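What follows is a short report on a single structure.
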Amino acid sequence: MGQQIGSQGPGRPGTAMVLARAINSMPTRQLAETPVLIAQERDLLVKCEAALENLRIAYWAAGKALEAVRGGRLYRASHTTFEAYCSEQWDISPQYAGKLIRSWRVAEKVFESLGQKSNGLETIVSKRLGYGQAWELVALSEEHGVDAAALLYVALIQVKGMAVTAAMVAGAARALPPGAAGKKKATEEAVASYLATLDGAKELPAARKADPFAALRRVTKKLDPDTVQAAMERNPDGTRAMVRELIEALSSSVGIEVEIKAASPESATA
C-alpha cells in the first residue's frame with residue numbers, strides 16, 4: 001500500500017497536508033443567501049481552490065521527483081529496483097511513473113514561458129494544464145523540444161483561454177506542420193488555422209493551406225522500419241493496432257484492396 005500523503009519525515013515538506021488542514025470549516029449548508037460571498041465563504045473558497053490547484057499540477061512535481069529518484073538510484077536503500085519502489089512505496093505502476101517523468105518538462109516549460117506576463121495567462125494555465133493536456137504535448141516535445149510544445153500550448157490558451165481541452169491540444173499538435181514547430185509566428189498561424197476548422201470554417205486561407213502530397217511524403221519518410229521497431233518495443237499491441245488502421249485507411253483511400261492476416265507466433269518473434 002502506498003505511503004500516505006500526510007506522513008512526515010526529516011526534511012520532508014508537508015504542503016499537501018498543510019493545504020488539507022487549512023480547510024477547517026466544512027459547511028453543511030449555504031452560509032448566506034446573498035449572491036456575493038460573505039467573508040467566511042471567500043476565505044474558505046480561497047483555501048479550497050488552493051488545494052485543487054495543487055492537485056492539478058501535482059503531476060509536474062511528482063514526475064520531476066520520480067526522475068530524480070530513478071536517475072540517482074535514490075531508492076536503493078529500501079528497494080532493489082525503481083519499479084519496485086514505485087509499486088511498493090507509492091502504489092503506482094512503473095508505466096504511469098514513466099508517463100509522469102515524460103510529462104513534467106512540458107509543464108515546467110509552459111509556466112516558464114509565461115514569464116512575468118500579467119494578462120492572466122498563468123492563472124488559466126494553472127487551472128487548465130492538468131496531466132491530460134500535458135500528456136498530449138509530450139510527443140511534440142520529444143520530437144521538436146519543450147520550447148515547441150510550450151509555444152503551441154500558449155498559442156492555444158491565448159485564443160481559447162479556459163475553453164482549451166485535452167482533445168484540442170492533441171488536435172493542434174497533430175495539425176502543426178513540422179516546419180512550424182519551435183517558431184512562434186508559424187505556430188500561432190498553425191493554431192489559428194486549426195481552431196478555424198473547429199469553428200466550422202469551410203475553407204482555410206490559401207496561404208495557410210498545406211500541400212497534401214508534400215505532407216504525405218513527409219509522413220512516409222518518418223515512418224521507417226527503425227521507427228516502427230522502436231514503437232513496437234515500447235507498446236507492441238498499440239503499434240500493431242495503429243499500423244493496421246493506417247494500412248486500412250490508406251488502402252481504401254487509393255482504391256487498393258489489402259488483406260491483413262495476423263502473423264504466426266513464430267514469425268512475430270523472429
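Name the residue that is surrounded by the fewest Cβ atoms within 10 Å (Cβ to Cβ), counting only residues in region 52-96 that are within 26 Å of A22 (Cβ to Cβ) and aromatic (F, W, Y). Once the filter is applied, the top-ranked residue is W90. Hey, does region 79-97 have a residue that's aromatic (F, W, Y) and touching an Asp or Glu at 6+ places or on another chain (Cβ under 8 Å)? Looking for residues that are aromatic (F, W, Y) and touching an Asp or Glu at 6+ places or on another chain (Cβ under 8 Å), one finds none in region 79-97, hence no.
Among the residues examined, A20 qualifies as outside any loop (DSSP other than H, G, I, E, B) and at pLDDT 85 or above. Restricting attention to region 153-181, the residues that are buried (at least 19 other Cβ atoms within 10 Å of the Cβ) and either not assigned by TED's automatic domain parsing to the domain that holds E122 or not aliphatic (A, V, I, L, M) (or both) total 1. In the condition set (1) under 28 Å from M162 (Cα atoms); (2) in contact with a Leu (Cβ under 9 Å, 6 or more places away or on another chain); (3) of a type in the set (A, V, I, L, M), L66 is compliant with all but (1).
The values are calculated or read from the model by the stated rules, or taken from the named source; none is laboratory data. Source: prediction; values computed, not measured. Glycine also receives a Cβ, built like all others from the backbone with ideal geometry; neighbour counts cover every protein chain displayed.
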